[in-house]
């Protein structure tokens, strides 16, 4: 019982500390949100460039991850040959995919867009199945959302060669834009808390 009380006390203290920090530094959060909104808008306007840069960046991340996995594989060889072969194989695969993305970012964008389309189709079908199986109040809105997700996936899949050049950049830009907007809203609510 005392342990639960201590956990609640720590959580309460952390919550108060976070709220106080937000109140004290809301201007920085607002500024960061504004910068992110601007970057998101730029990323959307330059969607092809954003796609190109993000695929190259993802390629470097895969290359680094593959190199680290390959290095780690040789540290495991004493424990098990199976672990060595698995880790080395995955590390080499990651490295090769990373190199392909770096050397030919448009093929990488096409591959990632295909994965994105498949993910949206699967997600839309899964959500439809859930909504139809478990009908609850407001289920029609969830069904509409699932249908839109499915249609977006199909739209991307059937226009893959066109969409692959810019869709990743648009999605990334929209994500950055909404993160920035959420920071601005959080900063404004912290400012109101200071004012009152």
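Could you list, in sequence order, the residues of region 13-48 that are farther than 23 Å from residue 176 by Cα and in contact with a helix residue (DSSP H, G or I) (Cβ under 7 Å, 6 or more places away or on another chain)?
23
Quick check, is residue 144 more than 22 Å from residue 37 (Cβ to Cβ), out of contact with any strand residue (DSSP E or B) (no Cβ under 9 Å at 6 or more places or on another chain) and surrounded by fewer than 17 Cβ atoms within 10 Å (Cβ to Cβ)?
Here the answer is yes, as residue 144 does meet what is asked.
Name the residue, out of 115, 99, that is out of contact with any helix residue (DSSP H, G or I) (no Cβ under 7 Å at 6 or more places or on another chain), part of a helix (DSSP H, G or I) and at pLDDT 90 or above. Steps first, answer last, please.
On the way: 99 fails: out of contact with any helix residue (DSSP H, G or I) (no Cβ under 7 Å at 6 or more places or on another chain).
Unique residue meeting the criteria: 115.
So which residues in region 29-81 are over 29 Å from residue 103 (Cα atoms) and free of Cβ contacts under 8 Å to residues at least 24 places away in the same chain, if there are any at all?
Of everything in region 29-81, those that are over 29 Å from residue 103 (Cα atoms) and free of Cβ contacts under 8 Å to residues at least 24 places away in the same chain turn out to be 31, 75, 76, 77, 78, 79, 80, 81.
If I ask for residues that are buried (at least 17 other Cβ atoms within 10 Å of the Cβ) and modelled with pLDDT of 90 or more, which ones from region 128-141 would you list?
Within region 128-141, 128 is the sole residue that qualifies.
The values are calculated or read from the model by the stated rules, or taken from the named source; none is laboratory data. Source: prediction; values computed, not measured. Cβ atoms come from the backbone with ideal geometry, glycine included; neighbour counts cover every protein chain shown.
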